[in-house]
Amino acid sequence: MKVLLGIGGSGDSLTALERTVERTREAGDDLTVAVVENPESDASLADVESRVRDLLGDADLDATVRRVEGDAGSRLVDIAESEGFDHIALGGGQTSPMGKINLGQIAQFVLLNSHVSVTLVR
């Protein structure tokens, strides 16, 4: 399966990175990691990309890493659909005290607009 993982430096996206790398190793998927700007994260693109490359190296996994500029949600949807990805993976947001999921703006946009299957990793 051809998987596009969107990561923007938030805690949930870093968890999604770890879990998606694990699944990729087990399933033999073709992984591309798209490093995007996330207004809800203080991490720079360079820091996020460095962390991604370190984790991929530690896992001995060959995956494509690319920076994606522009509106993160719409760019992820465009890339997934135009480049034939089977799946998009994203960090899945936080759970409120009432048990409801609070989605970030990127995850919400991708869920509402993608014609490709989306997995929220929590």
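Structure notes:
- For the chain, the fraction of C-alpha pairs farther apart than 21 angstrom is 31 percent.
- Footprinting exposure proxy for His87, His115 (fewest neighbouring C-beta atoms within 10 Å first): His115, His87
- Between Ile101 and Thr15, residue separation times 0.36 nm minus the direct Cα-Cα distance comes to 29.4 nm.
- Whole-number D in µm² s⁻¹ for region 54-117, Kirkwood Cα-pair radius fed into Stokes-Einstein, 4 °C, 1.567 mPa s: 95
- Summarising the overall dimensions of region 42-82 from its C-alpha atoms, the Rg and Dmax are 12.1, 31 angstrom.
- Of the DSSP H helices in the chain, those whose Cα atoms cover at least 18 Å axially and whose Kyte score averages -1.0 or more: 11-27, 45-58
- Note on region 37-122: dipole from Cβ charges, positive end direction compared against Leu112, Pro97, Ala72; the farthest Cα belongs to Pro97.
- Label point distance in nm, Gln94-Thr119, each placed 7 Å from Cα along Cα→Cβ: 2.5
Rule-based calculations on the coordinates, nothing more; no lab input. This structure is a prediction, so every number in the text was calculated from the model and none was measured. Heads up, the Cβs are rebuilt from the backbone with ideal geometry, glycines too, and the neighbour counts pull from every protein chain shown.
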